[in-house]
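The values are calculated or read from the model by the stated rules, or taken from the named source; none is laboratory data. Just so it is clear, the model here is predicted, and its values are computed rather than measured. Cβ placement follows ideal geometry from the backbone for every residue including glycine, while neighbour counts extend to all protein chains displayed. Accessible surface areas use protein heavy atoms only, side chains included; no ligands, DNA or RNA. Shrake-Rupley method; radii C 1.70, N 1.55, O 1.52, S 1.80 Å.
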Amino acid sequence: MTVTVAIVGRPNVGKSTLFNRLVGRKIALVDDTPGVTRDRREAEGRIADLTFRLLDTAGYEDVTDGSLEDRMRQQTELAIREADVILFMIDARAGVVPLDQRFAQVLRKAGKTVHLVGNKAESGAAEAGLVEAFKLGFGEAIALSAEHGLGLADLYSIVSEAIDRAAAAKEAEQEDVPDIDELPAVDVDITEDMLEGEGDEATLRWNPNRYLNVAIVGRPNAGKSTLINRMVGEERVLVGPEAGITRDSILVPWEWEGRVINLVDTAGIRRRSRVTEKLEKLAVGDSLRSIQYAEVVVLMLDATVPFEKQDLALADLVEREGRALVIAVNKWDLIEDKNAALAHLREACERLLPQLRGVPLVTLSGLTGKNIDKLMDAIFAIERSWNSHVSTARLNRWLSGMVDGHPPPAVSGRRLKLRYMTQAKTRPPSFILFASRPDVLPTSYQRYLVNGLREAFNIKGTPIRLWVRGGSSNPYDDPSKRRLG
């Protein structure tokens, strides 16, 4: 049995610091600047042997004018409604301020179990603030230091009691949720126990029903958060006309056709020369880490200004990281001549991204939800391509045909011999080519082989790794089966 614990309070009292402490990793951005957190973030919290669902929230602002702060307040109130236990955090050194009192009134009306937490209580300067906290009406405040890990024993008692109450009230066990923050298995070595069948019919065991981590990246204001809200059917992440609203990378579990999709909304990534503020650097770094944790990356383009230099840089980064890529062209509803624009986009994609030839390109509208089904079809197709495995026998028959059609060039008057090829890894597909002189095999000929692999085995749009190794003979040849001359 588990419970949901929400950490709430005014800006800059240390909510995200406590969130990171309970999660055990620094996944929420932390800075001395007030208002760093804007969306509510979810992860699995742990205290000793207890595990629970933990929500980090934006600092509460008492505004209702439709501004960004107002939308942040609404996200916090949504977290309060979801929570079983609320940790109301104040700054013990600063004492109780008017915004704390206003927020206390909101929490009393919510009718939830609220525990007052006085953070930054590692020194004697916090004693007066802890005493003053009684007037908020939630009893004695827990003295806590999220930065130094003090006071966690009291939080353990709070969560443990909440879990016991929930277990007594609800006997049916909740469905297990996968560890959505776990690093996915990529760059997988192929071993015999991973293959099904024998000989040419051997295929790689791959479970298409397991959860899938999908990161949505792009330049600021491309519509990433709007698309996620449309996909999940609720205002899960903050959106608005302002560029750069998203800071933290927010993971949103979602189910599509019976499969769990872990969508990751990321901060917009501008060119490095334009990123000067510390907070934006932190946000961009978080977005880049999300690419490493993803299996499929959706690169969001603005249909009105597609394939900017930064878009190409992001696509190249995804290829170098070895992740599967889908290009989504958003705001398609703003384009008048759609046929001409689509033809131009496809031509530009093939010309500007030759290292990802055949990458899926989907036009959509995150605002209206048009073509989300086509986006998901492209995601599943590229995932299948990313998990491609080709048997050794088929590879070498193909290699023989490629060499016959276009032999490798002679270097210094000596002909290069390509002896053997095998697939060593998947996710992304990675191949080893054994040659007589691997150090002089031209890059152009390696591209010829890679492009041939894409066409012959339908491995389009995904990164392909080709390693050239030396060897005087077939390393997989069985001497007992050799013919005697």
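Using 0.36 nm times the number of residues separating Ser160 and Glu77, minus their current alpha carbon distance, what extension gain do you get?
Values: separation 83, 0.36 × 83 = 29.88 nm, distance 2.41 nm.
Stretched fully, the Ser160-Glu77 segment lengthens by 27.5 nm.
Run the reach check for Lys26 against lysines, Cα to Cα strictly under 24 Å, same-chain hits fewer than 8 apart removed. What comes back?
Lys15, Lys120, Lys224, Lys278, Lys281
For the range 9-121, give the percent of accessible area contributed by carbon and sulfur heavy atoms, probe 1.4 Å, rounded to a whole number.
On the way: 1930 of 4390 Å².
That fraction is 44 percent.
Compare the peptides 232-238, 421-427 by average per-residue count of other Cβ atoms within 10 angstrom and give them in order, highest first. Each step should come with its number before you reach the end.
Values: 232-238: 16.7, 421-427: 19.3.
Answer by packing, highest mean first, reads 421-427, 232-238.
For Val3, which sequence-distant residues (separation of 5 or more, or a different chain) have an amide H within less than 5 Å of its own amide H, given hydrogens modelled in the peptide plane?
Close amide H contacts, sequence-distant or interchain: Arg53.
Expressed in nm to one decimal, what extension gain is obtained for the pair Asp373 and Ser67 from 0.36 nm per residue of sequence separation less their Cα-Cα distance?
Numbers: separation 306, 0.36 × 306 = 110.16 nm, distance 3.23 nm.
Length gained, Asp373 through Ser67: 106.9 nm.
Within the accessible area of the range 299-394, what % is carbon and sulfur when the probe is 1.4 Å and the other protein chains stay in place? Intermediate results must be reported in sequence, preceding the final value.
Numbers: 2090 of 4070 Å².
Whole-percent figure for carbon plus sulfur exposure: 51.
Give a residue-ordered list of calculated ³J(HN,Hα) values for the range 87-96 (Karplus: 6.51 cos²θ - 1.76 cosθ + 1.60, θ = phi - 60°; whole Hz; x for Gly, Pro).
Result, ordered by residue: 9, 8, 9, 10, 8, 5, 6, 7, x, 8 Hz.
Would you mind putting 439-452, 110-123 in packing order, based on average other-beta-carbon counts within 10 Å, highest first? Don't skip to the answer; put the middle values down first.
On the way: 439-452: 14.4, 110-123: 20.1.
Sorting 439-452, 110-123 by mean packing, highest first, produces 110-123, 439-452.
I need two numbers for the range 298-386: Rg to one decimal and Dmax as a whole number, Cα atoms only, in Å.
When restricted to Cα atoms, the range 298-386 yields Rg and Dmax of 12.5, 36 Å.
Calculate, in nm to one decimal, what Arg108 and Ser123 gain on full extension: separation in residues at 0.36 nm each, minus their alpha carbon distance. Let's see the in-between values first.
Details: separation 15, 0.36 × 15 = 5.40 nm, distance 2.95 nm.
The span from Arg108 to Ser123 would gain 2.4 nm if fully extended.
For the pair Leu150 and Ala340, what calculated FRET efficiency results from E = 1/(1 + (r/R0)^6), where r is the Cβ-Cβ distance and R0 = 45 Å, to the nearest 0.05?
Rounded to the nearest 0.05, the efficiency is 0.10.
Between Glu234 and Arg357, what is the spin-label point distance in nm, taking each point 7 Å from the Cα along the Cα→C-beta axis?
4.6 nm
Distance in nm between label sites at Glu347 and Val97, each 7 Å beyond Cα in the beta-carbon direction?
5.8 nm
What ranking do 288-296, 215-223 get when scored by the average of other Cβ atoms within 10 Å per residue, highest first?
215-223, 288-296
Using 10 Å bins from zero, what percent of all Cα-Cα pairs in the range 1-159 falls into each bin?
Answer for the range 1-159: a P(r) of 11, 45, 38, 6, 0 percent.
What nm distance separates the two modelled labels at Lys417 and Arg469, each placed 7 Å from Cα along Cα→Cβ?
1.8 nm
So with the 1.4 Å probe, I'd like the accessible area per residue for the range 325-391, rounded to whole Å².
That works out to 44 Å² per residue.
Whole-Hz ³J(HN,Hα) for each residue in the range 227-235, computed from phi via Karplus 6.51 cos²θ - 1.76 cosθ + 1.60 with θ = phi - 60°, x for glycine and proline: what do you get?
Per-residue couplings from phi come out as 4, 5, 4, 5, 5, 7, x, 7, 7 Hz.
Net charge near Glu234: determine it from the other residues with C-beta under 14 Å of the C-beta of Glu234, scoring Lys and Arg +1 and Asp and Glu -1. Before the final figure, lay out each step's value.
Values: positive: Arg40, Arg71, Arg81, Arg230, Arg236; negative: Asp39, Glu42, Glu77, Glu82, Glu235, Glu255, Asp265.
Combined, the nearby Lys, Arg, Asp and Glu give -2.
Taking amide H positions as placed 1.01 Å from N in the peptide plane, with prolines and chain starts having none, which residues 5 or more places from Tyr60, or on another chain, fall under 5 Å of its amide H?
Here Gly9, Arg10 satisfy the definition.
Taking amide H positions as placed 1.01 Å from N in the peptide plane, with prolines and chain starts having none, which residues 5 or more places from Ala294, or on another chain, fall under 5 Å of its amide H?
When sequence neighbours closer than 5 places are left aside, there are no close amide H contacts.
How much net charge surrounds Gly14 when only the other residues with a Cβ under 10 Å from the Cβ of Gly14 are counted, with Lys and Arg +1 and Asp and Glu -1?
Here the count lands on +1.
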